[in-house]
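Here, each number is a calculation from the coordinates, and none is a lab measurement. For clarity, every value in this text was computed on a predicted model and none was experimentally measured. Neighbour counts run over all protein chains shown; Cβ positions are idealised from the backbone, glycine included.
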Amino acid sequence: MKKIYLLVFSIFSTFAFSQLEADLYEINYLDGIVATDLFRYENKILFAGSKSLEIGPSNGRELWAYDLDTNKSTLIKDIVEGYASPFGYGSPRFVQFNNKVYFLANISSKTELWSTDGTTDGTQKVFEFPQENSYIKDIVVNNQKIIITSENRVFSSDGTAAGTALLMEMTESVSDKTFSTDNYFVFGSSNALWMI
């Protein structure tokens with residue numbers, strides 16, 4: 001009986017994959033770049049990347065982009081100079097909002113909200129979260145706002161420093177995942193389900 005199932009799976013998988021057409025691009029071509037957390041933005045793939053130590057000195061995981069037109073990877077910004085990395089504690093958690101990409105960076109044990117338009121000059125810090133809110137759980141967007149959740153606080157942002165502020169503080173812990181619709185953000189806590 002096992003042979004029949006394997007044969008059926010084999011025929012199905014061969015048929016399914018034979019219909020697949022795709023363009024393949026090598027992000028680290030000839031550069032020895034280690035790329036993680038890929039995010040498509042316009043004609044670029046943004047990612048947290050670092051050069052392999054075999055190729056040359058590493059700069060830690062920094063913000064890079066692969067250009068789909070030129071097929072080349074370039075360092076957008078060395079946010080933390082030297083071997084330290086702004087993405088050392090996890091993913092940048094890229095999200096797109098109002099024609100920019102927003103992401104989280106960890107600098108000197110603090111978490112910051114950054115934005116980029118895919119260029120060096122267009123990459124800048126937006127907001128530094130208070131020390132007690134350094135552990136950010138999630139960042140999501142809808143067509144109106146960016147919502148950032150920490151252990152027991154919820155921040156709202158319009159993408160600017162002046163428009164980023166504490167929205168609510170809770171006594172219970174916020175869940176790890178937040179969901180968005182066109183008009184609402186939904187997240188859980190230890191004792192309740194919230195919709196803002």
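I need the peptides 144-156, 60-72 ranked by packing, meaning the mean over residues of other C-beta atoms within 10 angstrom, with the highest value on top. Don't skip to the end; give the middle numbers.
Values: 144-156: 20.8, 60-72: 18.0.
My ranking of the peptides, most packed first, is 144-156, 60-72.
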| request: List the residues whose amide H sits under 5 Å from the amide H of Phe185, counting only those 5 or more places along or on another chain, with H placed 1.01 Å from N in the peptide plane. | output: Ile196
| note | Once phi for every residue in the range 95-104 is put through the Karplus expression 6.51 cos²θ - 1.76 cosθ + 1.60 (θ = phi - 60°), the whole-Hz ³J(HN,Hα) values, with Gly and Pro written as x, are 9, 9, 8, 6, 6, 9, 10, 10, 8, 9
| query | Residues with amide H under 5 Å of Thr123's amide H, sequence separation 5 or more or different chain, H placed in the peptide plane at 1.01 Å from N; which? | reply | Asp117
